[in-house]
Every structure is written in structure tokens, then in C-alpha cells.
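Worksheet for the structure shown next.
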Amino acid sequence: MGQTIVKRHIINIRKGDNVRVMTGRDAGKSGRVLSVNSRKNTVIVEHANMIKRHTRPNPSKNIKGGIVEKEAPINVSNVMIVCSSCGKHARIGHNVLSDGSKVRGCKRCGTTLEK
Ligand SMILES: [Zn+2]
């Protein structure tokens, strides 16, 4: 590629975004981002990367024992945002608005992703 890869710690993905899982067991699956962990660089995607968790019954907290399915965190590098305009997963660029502020935009079609 010949490009210098700059390691950034800024996550372009926000809560509520529609993303597609690019690698792993759930590759190709898409869903809404439920939460972002910027410290760990992970996101929780609705119905993706489900793990089974065994819970013990705790009658005092009214918790029934059994197997609970729960979303596990996915590294942000393994998901890509799905553009609501072109419907494809896309890299994020920055659009500069007329007032000079920068917003996230689809690199594929240029549509601003901010509502
Ligand atoms: Zn687009």
C-alpha cells in the first residue's frame, strides 16, 4: 500500500449507528451499536457476537438460573459503519459543513452520517 498507518484512538463509531461485522463468526451480520467502549476500542452490536452465559439462581435478587444469551464486545476494527444512504459498509471521512464544523461522512457516497 505504501501508506503510513497512523494509529488513532478516536473511534468513529457511535452508539446507535448501524454497523456490519466484518470478521469472525458473525461476519456479514449487521446491527445497531448498543454501546461503545473507547478505552478498550470495542463496541457492542445488537444480536452480534452472542455469548451464552450461565447464571446461578439468586432468589433474593429474583434471578432465575440458566443460560442467558448476551452480546459480547467486538473490536472496532472488526466492524464497519453501514451508510444509510448508499446502504453499503463504508469508511468514515469528514465532511465540513458550511459553518466550518466537521461531521462524519460516508467515504463512498459522501453523505453526512450525522442526523
Ligand atoms: Zn454512503
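Report the FRET efficiency, 1/(1 + (r/R0)^6), for residue 86 and residue 38, where r is their Cβ-Cβ distance and R0 is 30 Å, rounded to 0.05.
0.65
Short version: what are the Cα gyration tensor semi-axes of the chain, square root of 5 times each eigenvalue, largest first, in whole Å?
With the √(5λ) rule applied to the chain, the semi-axes are 34, 15, 14 Å.
Which residue, 28, 87, 66, has the most motion in a Gaussian network model of the chain that connects Cα atoms within less than 10 Å?
Result for the chain, Cα springs under 10 Å: 66 fluctuates most.
Taking only protein heavy atoms and a 1.4 Å probe, what accessible area per residue, in Å², does the chain have with all protein chains in place?
Solvent-accessible surface per residue comes out at 73 Å².
Which value, to two decimals, describes the C-alpha radius of gyration of the stretch 17-69 once divided by 2.2 N^0.38 Å?
That ratio works out to 1.46.
Quote the Stokes-Einstein diffusion coefficient, in whole µm² s⁻¹, for the stretch 47-115, based on the Kirkwood radius over alpha carbon pairs, a temperature of 4 °C and a viscosity of 1.567 mPa s.
84
Could you tell me what percent of the accessible area of the chain is made up of carbon and sulfur, with a 1.4 Å probe and every protein chain present? If you can, show how the numbers build up before the last one.
Numbers: 4210 of 8440 Å².
Percent of accessible area from carbon and sulfur atoms in the chain: 50.
Mind checking which of 91, 56, 104 has the largest fluctuation in a GNM of the chain, springs on alpha carbons under 10 Å?
Ranking 91, 56, 104 by mean-square fluctuation puts 56 first.
Which residue fluctuates the most in the chain, going by a Gaussian network model with Cα springs under 10 Å, if the choices are 49, 95, 58?
Ranking 49, 95, 58 by mean-square fluctuation puts 58 first.
Among the listed pairs 15/70; 15/107; 15/64; 15/52, which are separated by more than 26 Å between their Cα atoms?
Correct reply: 15/64.
Between residue 47 and residue 72, what is the label-point separation in nm under the 7 Å Cα-to-beta-carbon projection?
It is 2.0 nm.
The values are calculated or read from the model by the stated rules, or taken from the named source; none is laboratory data. Predicted model only: the values in this text are computed from it and were never measured. In this analysis, Cβ positions are derived from the backbone assuming ideal geometry, glycine residues included, and neighbour counts consider all displayed protein chains. Remember, those area values only see protein heavy atoms, side chains included, never the ligands or the DNA or RNA. Shrake-Rupley method; radii C 1.70, N 1.55, O 1.52, S 1.80 Å.
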